[in-house]
Every structure is written in structure tokens, then in C-alpha cells.
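The values are calculated or read from the model by the stated rules, or taken from the named source; none is laboratory data. The shown structure was predicted, so the numbers you read here are calculated from the model rather than taken from an experiment. Note: ideal-geometry Cβ built from the backbone for every residue, glycine included; neighbour counts use all protein chains shown.
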Amino acid sequence: MQTPSLIVSDGHGNVFDIPGLQMAARHLNRRLVPDEKELLPMPYGSSLYELPDRIAIGYDGHRRKFIPVTEYNGKAVWPVAAFMAPAYTHLYHAAFTKKDKTSPLPLFAYTAVGWREDNFWVCGIRVDKDIRQDAAHFNLELIEQGAQKFLAIFPENRLVRHLVDHCVRTYHCPAAQNMVMERWECPLPTSPSCNAACIGCISKQESGGIPVTQNRLTFVPPVEDIVELAVRHLETAPSAIVSFGQGCEGEPLLQGDIIEAAIRGIRKKTKKGTININTNASKPHIVERLNKAGLDSIRVSLNSAKPDFYNLYFQPRGYDFPDVLASLDVMRRYKKWISLNYFIFPGLTDQPEEITSLIDILKKYRVDYIQMRNLNIDPDYYCEKLGLNGSTGPPVGMLGWMEQIKKAVPWIRFGYYNPPKENW
């Protein structure tokens with residue numbers, strides 16, 4: 001089957017393909033034409049982004065070479081990338097080059113995309129069958145009705161007010177929208193501060209060079225507000241999960257006392273559902289306290305299984321990579337569910353040395369689940385900050401990565417979301 005053609009933008013929101021040029025993909029610093037097995041129709045709910053001050057790259061099949069494309073029919077054009085809907089993981093980045101002194105792109109994932117048979121095609125794979133954030137299941141009118149209902153049920157609950165006004169209505173967060181629809185996973189943000197300075201943090205950028213995609217929580221909710229919301233959700237929602245640690249906050253373990261008290265309060269009122277924490281796992285002693293209180297599962301964020309790359313991305317303050325591993329050890333001792341929130345960056349994630357390091361961690365701590373989350377960051381900026389030049393060995397491709405992981409760690413499962421207890 002013919003490879004999808006290259007698509008570009010005219011700089012004014014109009015996207016079109018260039019016949020005769022095939023789409024190109026980027027795998028770290030290597031350019032390639034994707035195989036058919038690496039393509040799928042762009043999922044419903046995905047977005048297209050124009051990449052200003054950058055040069056599109058296409059593949060000329062007749063000349064058998066990759067070529068820069070700066071204009072078409074005498075007019076300037078810009079590269080285009082896809083931001084895929086939740087539950088999908090990208091296999092390659094869009095191929096482009098940046099101009100000199102170009103500002104980093106906003107914090108999104110930039111997936112290779114092309115055009116074929118009246119449809120956009122992307123380099124990606126669906127890694128989770130769960131429909132909890134599929135765009136087809138979100139009706140804005142019903143969501144607003146749910147938001148008003150929640151404000152009426154919890155008139156004095158500041159956490160609910162924050163989730164409705166900021167997360168549901170302003171940022172259209174799918175997790176918060178699911179909360180007011182009384183289904184699946186409910187977010188419980190608690191921490192306005194953090195002990196890491198991640199270069200890809202979506203809620204706070206200290207340098208000011210990259211715009212954040214959402215503002216961070218500015219207060220610590222009281223225990224009673226957390227318990228009130230969580231208990232109702234766990235008692236009423238199907239496949240109910242409540243999760244501390246969201247993209248709109250800092251590190252939840254910094255509010256260990258609040259969360260411990262909240263978990264105890266929740267479990268005094270209900271034994272239903274799953275209590276989860278999404279965290280950088282920097283404080284194993286707090287993780288131990290939360291386990292004793294009744295925590296069910298943990299999702300630990302990693303961009304790499306190697307300490308050097310981890311430190312360059314997370315820029316930890318007051319903790320180090322061994323603390324993260326110690327938290328995994330705590331969870332395993334308590335026989336609780338362990339997920340990795342693994343930031344996928346094709347070209348680094350699938351390098352041989354990286355795979356070996358990850359397998360060692362998966363085996364040592366018997367990790368249950370890998371959530372394959374696209375790393376939302378400008379690929380050039382990330383490569384610059386981590387010093388990525390491909391010198392650690394040729395990557396095997398993300399499909400090959402999945403095969404090698406599954407072969408070495410046969411119990412591991414791949415997905416995108418925190419699974420409820422009944423799906424463990």
C-alpha cells in the first residue's frame with residue numbers, strides 16, 4: 001500500500017498534502033519512512049499542530065532521498081504534527097528541522113502524520129482498550145449538567161469547586177469530566193508544591209521559556225473535602241478509582257500527612273473501589289505510611305530507567321533515583337499494584353541499553369503494568385537537554401521494544417490508564 005503523503009500548513013490553519021512526497025518520520029536523529037504496520041488512521045479526538053519556524057521533511061521516492069520543504073506553489077509552508085487522543089502511543093515523531101534561535105515548542109507530543117485515502121494517518125498504536133477518555137463518550141451539555149449537580153451536592157467543598165471551575169470548565173480535563181459524570185477515575189489534586197523541576201512539567205516552568213498547558217493547584221484541600229468527594233465517587237461510580245497526583249499539581253507525597261489522613265478517612269467510610277497515587281515516588285517512608293493507611297496502587301513516573309537520563313529530566317531536589325526504587329520496593333513488600341507512568345520518547349525508550357535497564361527494574365520489583373504515555377515535549381529541546389545523539393546504540397523501534405519487554409517479563413501488561421482492582 002502507498003505510504004501516506006506529506007502534509008504541511010500554510011501558516012493560517014489550512015492543512016494540505018503535497019502529492020509526490022511521502023510522509024517522513026523521526027526516530028531520535030534518524031529519518032525514515034514508516035512501515036504499514038506502524039500506521040493507523042488518526043484517532044477521533046486527536047489534534048493537528050502547525051510547527052512554526054521549522055522546516056518540513058518529506059521523502060521523494062523517485063529520488064530516494066529526504067528533502068526539506070519550505071514552500072509549495074510559491075507560498076511558504078510549515079510542518080504539521082499530530083497530538084493523538086488518549087489511549088494511543090506514538091511510534092515516531094514528525095520529521096522536521098528547526099531554524100536557528102527557535103523557541104521550544106509547547107508541551108505536547110508531536111507524532112508523525114500523513115494523508116491517504118481521504119484520511120489522516122499517524123505513526124501510533126492503541127495500547128489500552130479502556131474507553132474512559134475516548135472523545136466520543138464526552139457530551140459537553142451533559143458534562144455541564146453534571147458540573148452544576150456537583151456544585152449543588154458539595155456547596156462548601158473547595159476541592160470540588162476547583163475541579164469544576166478550573167479542570168472541567170476551563171481545561172476540559174477528561175478525568176475531571178468523568179468525575180462529574182460519576183464514572184471511572186476521579187482526580188484528587190492535593191499539592192501546590194513539588195520537589196522536582198521537570199523540564200517537561202505541564203503546570204510550572206521556572207525558566208519561563210515554555211508556556212505551561214494548565215495552571216497548578218494553589219491550595220492544599222482539607223482532609224474532609226477530599227474524603228467527602230472520594231467516598232461518594234467510590235460508592236457510586238462503576239470501576240471506581242480515586243487518584244492523588246494529577247498534572248495540575250506538584251508532588252503529592254509532599255502532602256503525605258494530608259493524604260494519609262484522607263485515605264484513613266475514606267476507608268473508615270467505604271471499602272469499595274481503588275485508591276491510587278500518581279507520584280515521582282521520591283519519599284519511600286511516606287509511601288510506607290500510605291500503604292499502612294490503605295493505599296491500593298501506585299503509578300510511578302519515569303522518563304528513563306537510567307539514573308543519568310532520569311536526573312536530567314526530573315531535576316530532583318532532595319531525593320535521588322535510589323529513593324524511587326526504594327518506593328517500588330515498599331509497594332512490592334506490601335504486595336500492592338505497581339504501575340510505571342513511562343514517558344515514551346521513540347529513539348531513547350527503545351535503545352538497547354535503556355531496555356536492559358528497564359527490564360532489570362521490572363524483574364527486581366515485579367512491576368505489574370506499564371502505562372505508555374507520550375512524552376509531551378519538543379523533541380529537539382529534549383535531545384538537547386539530555387544530550388541525546390544516538391551514541392548508545394541503534395533503537396529497535398517501539399513495536400520491537402514491546403516485544404522484547406514482553407519476552408523478558410511475560411507477566412507485564414501494557415496500557416494507558418490506572419486499572420481498577422477488578423481488572424488486576
Fill in: Lone unmet requirement of (1) farther than 28 Å from residue 423 by Cα; (2) buried (at least 17 other Cβ atoms within 10 Å of the Cβ); (3) charged (D, E, K, R) for residue 130
(1)
Worksheet entry | Number of the exception - residue 149 against (1) in contact with a Phe, Trp or Tyr (Cβ under 8 Å, 6 or more places away or on another chain); (2) of a type outside the set (Asp, Glu); (3) in contact (Cβ under 8 Å) with a residue 12 or more places away in the chain | (1)
Worksheet item: In the stretch 293-319, which residue that is without any contact (Cβ under 8 Å) to a residue 24 or more places away in the chain and under 19 Å from the mean Cα position of the chain (by Cα) is nearest to residue 405 (Cα to Cα)?
Response: 310
Worksheet item: So is residue 290 farther than 17 Å from residue 341 by Cα, of a type in the set (A, V, I, L, M), under 26 Å from the mean Cα position of the chain (by Cα) and assigned to a loop (DSSP other than H, G, I, E, B) or not?
Response: no
Worksheet item: Among (1) within 30 Å of residue 96 (Cβ to Cβ); (2) crowded, with 19+ Cβ neighbours inside 10 Å, where does residue 368 come up short?
Response: (1)
Fill in: Single unsatisfied condition, residue 356 versus (1) loosely packed, with under 15 Cβ neighbours inside 10 Å; (2) touching a Leu at 6+ places or on another chain (Cβ under 8 Å); (3) of a type in the set (Ser, Thr, Tyr)
(2)
Discussion item. Looking only at the stretch 259-285, count every residue that is surrounded by fewer than 23 Cβ atoms within 10 Å (Cβ to Cβ), without any contact (Cβ under 8 Å) to a residue 40 or more places away in the chain and either among the acidic types (Asp, Glu) or outside any loop (DSSP other than H, G, I, E, B) (or both) and tell me the total.
Written reply: 6
Worksheet item: Considering only residues of the stretch 320-357 that are free of Cβ contacts under 8 Å to residues at least 40 places away in the same chain and not in a helix (DSSP H, G or I), which is farthest from residue 386 (Cα to Cα)?
Response: 335
Worksheet item: residue 45 versus (1) more than 14 Å from residue 93 (Cβ to Cβ); (2) buried (at least 18 other Cβ atoms within 10 Å of the Cβ); (3) touching a Phe, Trp or Tyr at 6+ places or on another chain (Cβ under 8 Å): which is the lone unmet condition?
Response: (3)
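For the subset of the stretch 62-102 comprising residues that are charged (D, E, K, R) and in contact (Cβ under 8 Å) with a residue 40 or more places away in the chain, which member is surrounded by the fewest Cβ atoms within 10 Å (Cβ to Cβ)? Before you say what the answer is, go through the steps one by one.
Residues of the stretch 62-102 that are charged (D, E, K, R), as a first pass: 63-65, 71, 75, 98-101.
Next cut, in contact (Cβ under 8 Å) with a residue 40 or more places away in the chain only: 75, 98-99.
Details: 75: 8, 98: 19, 99: 10.
The selected residue is 75.
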Worksheet, complete the sentence: Across (1) at pLDDT 95 or above; (2) out of contact with any Asp or Glu (no Cβ under 9 Å at 6 or more places or on another chain), residue 117 clears everything bar (1)
Worksheet item: Just one of the numbered conditions (1) farther than 30 Å from residue 133 by Cα; (2) in a loop (DSSP other than H, G, I, E, B) is not true of residue 52; which one?
Response: (1)
Worksheet item: Do we find a residue being part of a helix (DSSP H, G or I), crowded, with 20+ Cβ neighbours inside 10 Å and over 17 Å from the mean Cα position of the chain (by Cα) anywhere in the stretch 147-157?
Response: yes
Item to complete: Can you tell me which residue within the stretch 411-424, out of those that are assigned to a loop (DSSP other than H, G, I, E, B) and not hydrophobic (A, V, I, L, M, F, W, C), is farthest from residue 346 (Cα to Cα)?
Response: 420
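Determine which member of the set 169, 183, 216 is under 23 Å from residue 274 (Cα atoms), surrounded by 15 or more Cβ atoms within 10 Å (Cβ to Cβ) and assigned by TED's automatic domain parsing to the domain that holds residue 268.
Numbers: 169 fails: under 23 Å from residue 274 (Cα atoms); 216 fails: under 23 Å from residue 274 (Cα atoms).
Result of the check over 169, 183, 216: 183.
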Practice prompt. Determine which single condition residue 256 fails, assuming it passes every other condition in (1) in a helix (DSSP H, G or I); (2) over 24 Å from the mean Cα position of the chain (by Cα).
Written response: (2)
Discussion item. What's the number of the only condition in (1) modelled with pLDDT under 95; (2) part of a strand (DSSP E or B); (3) β-branched (Val, Ile, Thr) that residue 122 fails to meet?
Written reply: (1)
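So, in the stretch 371-387, of the ones that are acidic (Asp, Glu) and within 19 Å of the chain's Cα centre (by Cα), which residue ends up surrounded by the most Cβ atoms within 10 Å (Cβ to Cβ)?
So, considering only residues that are acidic (Asp, Glu) and within 19 Å of the chain's Cα centre (by Cα), the one surrounded by the most Cβ atoms within 10 Å (Cβ to Cβ) is 378.
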Worksheet item: Which residues, counting only those in the stretch 216-253, are assigned to a loop (DSSP other than H, G, I, E, B) and over 17 Å from the mean Cα position of the chain (by Cα)?
Response: 217, 218, 219, 220, 221, 222, 237, 238, 239, 240
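Can you name every residue in the stretch 378-410 that is part of a loop (DSSP other than H, G, I, E, B) and of a type outside the set (Gly, Ala, Ser)?
Within the stretch 378-410, the first condition is being part of a loop (DSSP other than H, G, I, E, B), and the residues that meet it are 378, 387-397, 409-410.
Residues satisfying the conditions are 378, 388, 389, 392, 394, 395, 396, 409, 410.
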Response to the item:
When restricted to 226, 258, 286, 241, the only residue out of contact with any Gly (no Cβ under 9 Å at 6 or more places or on another chain) and either under 15 Å from residue 192 (Cβ atoms) or at pLDDT 95 or above (or both) is 258
